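A quick write-up on the structure given underneath.
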Amino acid sequence: MKAARRIAAGAVVLGYFAIASVAAGASISESIESDNRTEANRDRDEARKPGQVLAFIGLDSGDVVLDWGAGGGYWSELMSGVVGEEGEIYAQQTAGERFDSRKAAYLEQFTPFGNIELLPVARGERIPLDDDSVDTVLLSYLYHHMHYAEASGDVLPGGSAAVLAEFARVLKPGGTFIVIDHVAAAGTSRAQSAGWHRVPPETVKADITGNGFEFVGEAPEIFHNPDDDLMNNWNEAGLRGHTTTFVHKYRSPE
């Protein structure tokens, strides 16, 4: 089953676990406790709240997931257990020298999971996956890099619109698209929020629904910090791991 889907050419809320067990994959709690996870990723659990986020995403055993910009594999490791051995996680990385220098380490990290496949894709290239082959696309803390370019002003850059179109292509009809990012204050311009490494949720919603996706809902304040004024560069403000963050769910057209 997996071969047919392949390339074409911590601090958690226990109440969420009860609804998250899957027939062939691990429960969310078991996935979080997996011995295969790296210690560095485990250390991020308190800030990332994986139990609540994974319950909101709603993965099933056997699902195919594209973790776009997987980086150190935080979510890839967690989702691997939930989708189980019949599922597949594509851990996308930007192709190039940086990826090449880290490839061996990634392979060593991901091989024990058995269902995480590295997917290097150069900027602007087509995603090397079949049409309608993915159940869920995850975009975690990356949209604030995508929503603004100086040449585009207050309009979504064309390159980012092309990436959204690629997500729509590889997603199955009715597939899920999840966006997680740092909240910028409502009404903030693209340029200003990009400078803070944030994005206003309403901007994200307008961009993504304007490119053919249906907005399904937002996770209820999993990440809310009353001391975050939403108008700061969170790293300079000492808020790394403590920003107010939104989690949006979208659906690919049926």
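Read-outs throughout are calculated quantities, based only on the coordinates presented, and are distinct from any laboratory measurement. Treat the numbers as computed from the prediction; the structure is a model and nothing was measured. So basically every Cβ, Gly included, is an ideal-geometry build from the backbone, and we count neighbours across all protein chains shown.
Annotations for the structure displayed:
- Inter-site label distance for residue 151 and residue 209 at 7 Å from Cα along Cβ, in nm: 3.0
- When you count the other C-beta atoms within 10 angstrom of each residue and take the mean per peptide, 232-244, 200-212 line up highest first as 200-212, 232-244.
- Dipole orientation for the chain: of the candidates 206, 191, 81, 191 has the Cα lying most toward the positive pole (charges on Cβ; Lys, Arg +1; Asp, Glu -1).
- Segment 64-127 and segment 204-223 have Cα centres spaced 24 Å apart.
- Spin-label pair residue 189/residue 216, simplified geometry with 7 Å Cα→Cβ offset, distance in nm: 3.5
- Ranked packing of 92-99, 57-64, most packed first, by mean Cβ within 10 Å: 57-64, 92-99
- Unit charges on C-beta of K, R, D, E only; dipole of the chain, Debye: 340
- Potential extension, residue 97-residue 33 segment - 0.36 nm per residue separation minus Cα distance: 19.7 nm
- Label-reachable residues, segment 116-154, where backbone N falls under 19 Å from a point 7 Å from residue 105's Cα toward its Cβ: 117-121
- Restricting the calculation to alpha carbons of segment 75-122 gives Rg and Dmax of 10.9, 32 angstrom.
- Taking all pairs of distinct alpha-carbon atoms in segment 26-132, Kirkwood radius in angstrom: 14.2
- Across segment 91-168, the mean sequence separation of Cα contacts (distance under 8 Å, 6 or more residues apart), normalised by length, yields a relative contact order of 25 percent.
- Here the translational diffusion coefficient of the chain follows from Stokes-Einstein with Rh set to the Kirkwood radius across Cα pairs; for 20 °C and 1.002 mPa s it amounts to 115 µm²/s.
- Sum of -39500 (n - 2.57) over DSSP H runs of 4+, divided by residues of the chain (222 nm, nearest 500): -8000 deg cm²/dmol
- Phi-derived couplings, Karplus 6.51 cos²θ - 1.76 cosθ + 1.60 at θ = phi - 60°, listed residue by residue for segment 124-135: x, 7, 5, 5, x, 10, 5, 4, 6, 10, 10, 7 Hz, with x used for Gly and Pro.
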